[in-house]
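Asks: Got a structure for you, questions after.
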């Protein structure tokens, strides 16, 4: 058997410890698959003496991130710390500059600095592997970059944040509203104390930016991404969506067609019986639509120690075999820098939820506003007023676009009988 | 850009032509992804002058399979003919022996001769790539062999034959019986004139044998596989299964656990709302269950020009990049030759369908036979007798195993009031 592939692991949180566990329990099997043993040379983390449930006594303790990055014994540094700026970014640059591969789950870092880091990797004949950064245990990076490499990918749809999907599933099952479910999830440790990163769609958008880059051969552009989270989704919306045959999912979408490149992260309605509609709770899923292969769908666990570490170790095995690939499918000088188009004029059906004062003429006013924008109604539900005299009007439109919907909403709100904000969501029939 | 990767394509049927189309339409994109151009040097097929809808005038015409196999200009031979014996096998051996990679969609050949061919490939420092052999456009070989390489895979479930899944879906939707739907599928060209290969489960079993080998690091063993097709599934079974909350699917299953290695191909009931239960019509799907990653599911098109050619070209790109892998994940001298255990004593719930003479004491007799084998009943449906005085009894059992079920059926049939053969199918709750 040839020389071991030597690694240092920076960060011994949930995922870092998971990586150590897999490499310990499956050492022989992994050596067979990699064609050589994987050797953990050194580890480092904030606290050397914390009991992490794995034996790390056989590994050197690196005194600093930079010491690990510069350790000439290492073939690769496994960055399991996270965060898009500061010392972690410095360490990765240091490791790449000194000819080491980097394996990371750090979507924020790659979404913001991916191209610069990929260039640095290329200059040093190494690569950055990040299967674990998108959809946890689901090998979606490998599928896009290699499995579907014969295709011009046209569309990607992704359920990319387990916390959001869990909250939306739980709201539906228990009939509770967002704030209540979020609070419970925080108490149980399923959601962060500051949940913004998850529920406002930022984490999922980091992943979508990387998926778009991989799929279309373009530079990831997080800044150009429309991002809407799930805070505005009420239980009543989930209930009405179910009545119309849909589930509400925080859906990432990226498209490349004659209109250009588009990406958006927003809550959408998808058919209950569709492949994405049946993805519940913490599960993640990605649907890729290639010009020759048609639709390929993958589903699995998007987070957690085992699934995420599974992807990290798969990357390590690939690197040990010598299968290093360009970070974003093609060399950085082949990556296109594109203007991302808005999804606003992309045709789709829409869900509209208006809370109105239950008084004469309201309906006529609303339908006139829709008519003005050439929006025609496919399904209509009106539910009788509550104690405040407020009724809910639910409209499923035929195909239109967000520009028309938003104009209609402005006109409808100007009628003066709408209470609070109108809710509109895209319906993706997939 | 480095030297072109030169290939010869043997066979210009649907898939062979699809490969030519992709390489022509996406030449530049593929060259970027492969890091070098892919060059079709020569082609061959039964009839040189047939119009195939693609321009092949720029390629040499190889006068024989052996001439192509021995063409020293080629880096790889793309075998798109099929068949497990005869000249195709000889050509592949010839190509491997003379140091060429082989890309193929030929599951029959690999299920029967995979290990010998893999050894020959190893001796000559080349490999055999066969993503297209299993589940068409779904990159399941890559996922098992690379994406989930950190895992000991414990279970695989696959819907691997589009013709069977189409027939079962169509029976359910139209209320027609197997023979009627099959006849129509044949008339429409969806099923072969001799449908046995598909509907008797042989094609799907070839694929399962390869999946098992890949997942568990064992030699593929087609001969050791229990194979049952879908001919015995009636529309009434599909109807009763629906009533109980299930779909009937021809399901390939392979497991590795404390009881050993097991594989079987048989019609099973799966929950309607499960990931596999919602795979309809010609679609294929594979669910893989790894010890760290948990379940990963993939769904897509299992056949057809575009999807199958997509997988073939992905393999070609991999080889052009130098990413050749051992045929079955690990070197052949590491492959285990195992005794495949029967699925008979694996615990699961069962579906039983008995047609009985509607007379006194029948039910008491049947339940006594089940009691004797410690089989307890979870759901029971009796549907009134037809004009022949025959009633249908449908039983969903609690967990038991096939040995108990088969013994009970022998006893029940001996009671003398059962008409025709009792139908039993495993229920996989996934």
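The values are calculated or read from the model by the stated rules, or taken from the named source; none is laboratory data. Note that this is a predicted model, so its numbers are computed, not measured. Here the Cβ positions follow ideal geometry from the backbone for every residue, glycine too, while neighbour counts run over all protein chains shown.
Asks: Can you name every one of the helices (runs of 4 or more DSSP H) wholly within region B:157-213 that holds 2 or more residues which are outside the structural domain of residue B:264 (by TED's automatic domain parsing) and farther than 30 Å from residue B:141 by Cβ?
Replies: Counting at least 2 such residues, we get no helices (runs of 4 or more DSSP H) at all.
Asks: Oh, and also: Filtering region A:123-132 down to residues that are surrounded by 24 or more Cβ atoms within 10 Å (Cβ to Cβ) and assigned to a helix (DSSP H, G or I), which residue is farthest from the other protein chains (Cβ to nearest Cβ)?
Replies: Checked region A:123-132; the qualifying residue farthest from the other protein chains (Cβ to nearest Cβ) is A:132.
Asks: Return yes or no: is residue A:45 in contact with a strand residue (DSSP E or B) (Cβ under 7 Å, 6 or more places away or on another chain), surrounded by 18 or more Cβ atoms within 10 Å (Cβ to Cβ) and more than 16 Å from residue A:206 (Cα to Cα)?
Replies: no
Asks: Let me ask another. Quick one: residue B:296 ticks every box in (1) out of contact with any strand residue (DSSP E or B) (no Cβ under 7 Å at 6 or more places or on another chain); (2) at the interface with chain A (Cβ under 8 Å from one of its Cβ atoms); (3) surrounded by 21 or more Cβ atoms within 10 Å (Cβ to Cβ) bar one, so which box is it?
Replies: For residue B:296, the exception is condition (1).
Asks: Ok, one more. Among the residues of region B:346-362, are any within 14 Å of another protein chain (Cβ to nearest Cβ) and more than 30 Å from residue A:304 (Cα to Cα)?
Replies: No, the conditions are met nowhere in region B:346-362.
Asks: Yes or no: residue A:277 over 18 Å from residue B:273 (Cα atoms) and either in contact with a strand residue (DSSP E or B) (Cβ under 9 Å, 6 or more places away or on another chain) or at pLDDT 95 or above (or both)?
Replies: no
Asks: Residues in region A:308-321: is at least one outside the structural domain of residue A:161 (by TED's automatic domain parsing) and over 32 Å from the mean Cα position of the chain (by Cα)?
Replies: no
Asks: So, one more: Residues of region A:384-393 being surrounded by 11 or more Cβ atoms within 10 Å (Cβ to Cβ) and either at pLDDT below 90 or under 29 Å from the mean Cα position of the chain (by Cα) (or both), which ones?
Replies: A:385, A:386, A:389, A:390
Asks: Pairs please, first residue from region A:49-68 and assigned by TED's automatic domain parsing to the domain that holds residue A:91, second anywhere and loosely packed, with under 14 Cβ neighbours inside 10 Å and part of a loop (DSSP other than H, G, I, E, B), Cβ atoms under 7 Å, 6+ apart in sequence or on different chains.
Replies: A:61/A:48
Asks: Something else now. Restricting attention to region A:289-304, which residues are closer than 26 Å to residue B:291 by Cα and in contact with a helix residue (DSSP H, G or I) (Cβ under 9 Å, 6 or more places away or on another chain)?
Replies: Kept after step one, since they are closer than 26 Å to residue B:291 by Cα, are these residues of region A:289-304: A:296-304.
Matches in region A:289-304: A:296, A:298, A:300, A:301, A:302, A:303, A:304.
Asks: Please tell me if residue A:65 is modelled with pLDDT of 95 or more and under 21 Å from residue B:329 (Cβ atoms).
Replies: no
Asks: Which condition number does residue A:317 fail, the rest of (1) surrounded by fewer than 15 Cβ atoms within 10 Å (Cβ to Cβ); (2) within 30 Å of residue B:307 (Cβ to Cβ) being met?
Replies: Tallying (1) surrounded by fewer than 15 Cβ atoms within 10 Å (Cβ to Cβ); (2) within 30 Å of residue B:307 (Cβ to Cβ), residue A:317 fails exactly one: (1).
Asks: Quick check on this structure: which one of B:284, B:273 is within 23 Å of residue B:140 (Cα to Cα), touching a helix residue (DSSP H, G or I) at 6+ places or on another chain (Cβ under 8 Å) and within 14 Å of another protein chain (Cβ to nearest Cβ)? Lay out the reasoning, then the answer.
Replies: Values: B:273 fails: touching a helix residue (DSSP H, G or I) at 6+ places or on another chain (Cβ under 8 Å).
Residue meeting the stated conditions: B:284.
Asks: Let me ask something else. Among the residues that make up region A:183-202, is at least one of them at pLDDT 95 or above, touching a strand residue (DSSP E or B) at 6+ places or on another chain (Cβ under 6 Å) and surrounded by 17 or more Cβ atoms within 10 Å (Cβ to Cβ)?
Replies: Yes.
Asks: With respect to the numbered conditions (1) at negative phi; (2) assigned by TED's automatic domain parsing to the domain that holds residue A:403; (3) at pLDDT 95 or above, which one is the sole condition not fulfilled by residue A:298?
Replies: (2)
Asks: Could you please give the count of residues in region A:327-337 that are modelled with pLDDT of 90 or more and at the interface with chain B (Cβ under 8 Å from one of its Cβ atoms)?
Replies: Matching residues across region A:327-337 total 2.
Asks: So is residue A:333 outside any loop (DSSP other than H, G, I, E, B), free of Cβ contacts under 8 Å to residues at least 12 places away in the same chain and either surrounded by 15 or more Cβ atoms within 10 Å (Cβ to Cβ) or not assigned by TED's automatic domain parsing to the domain that holds residue A:399 (or both) or not? Can you show your working first?
Replies: Working: outside any loop (DSSP other than H, G, I, E, B): yes; free of Cβ contacts under 8 Å to residues at least 12 places away in the same chain: yes; either surrounded by 15 or more Cβ atoms within 10 Å (Cβ to Cβ) or not assigned by TED's automatic domain parsing to the domain that holds residue A:399 (or both): yes.
Taking the combined requirement at face value, the residue satisfies it.
Asks: Got at least one residue in region B:108-117 being under 20 Å from the mean Cα position of the chain (by Cα), within 14 Å of chain A (Cβ to nearest Cβ), closer than 29 Å to residue A:145 by Cβ and buried (at least 24 other Cβ atoms within 10 Å of the Cβ)?
Replies: No, because not a single residue in region B:108-117 is under 20 Å from the mean Cα position of the chain (by Cα), within 14 Å of chain A (Cβ to nearest Cβ), closer than 29 Å to residue A:145 by Cβ and buried (at least 24 other Cβ atoms within 10 Å of the Cβ).
Asks: Right, residue A:254: buried (at least 24 other Cβ atoms within 10 Å of the Cβ) and away from chain B (no Cβ under 11 Å) or not? Talk me through it step by step, then tell me what you get.
Replies: Values: buried (at least 24 other Cβ atoms within 10 Å of the Cβ): yes; away from chain B (no Cβ under 11 Å): yes.
Judged against the criteria, residue A:254 is a match.
Asks: Residues to consider are A:381, A:409; find the one that is touching a residue at least 12 places away in the same chain (Cβ under 8 Å), outside the structural domain of residue A:218 (by TED's automatic domain parsing) and either surrounded by 17 or more Cβ atoms within 10 Å (Cβ to Cβ) or not in a strand (DSSP E or B) (or both).
Replies: Within the list A:381, A:409, the selection yields A:409.
Asks: Six or more apart or on different chains, Cβ atoms under 7 Å: show the pairs whose first residue is in region A:21-32 and at the interface with chain B (Cβ under 10 Å from one of its Cβ atoms) and whose second is assigned to a helix (DSSP H, G or I) and surrounded by fewer than 20 Cβ atoms within 10 Å (Cβ to Cβ).
Replies: Short answer, once both residue conditions are applied: A:32/B:334.
Asks: Given the conditions (1) within 14 Å of another protein chain (Cβ to nearest Cβ); (2) touching a strand residue (DSSP E or B) at 6+ places or on another chain (Cβ under 8 Å); (3) under 15 Å from residue B:287 (Cα atoms); (4) surrounded by 18 or more Cβ atoms within 10 Å (Cβ to Cβ), report the number of the one that residue B:217 does not fulfil.
Replies: For residue B:217, the failing item is (3).
Asks: Of the residues in region A:136-150, how many are part of a helix (DSSP H, G or I) and at the interface with chain B (Cβ under 7 Å from one of its Cβ atoms)?
Replies: Final tally of qualifying residues: 4.
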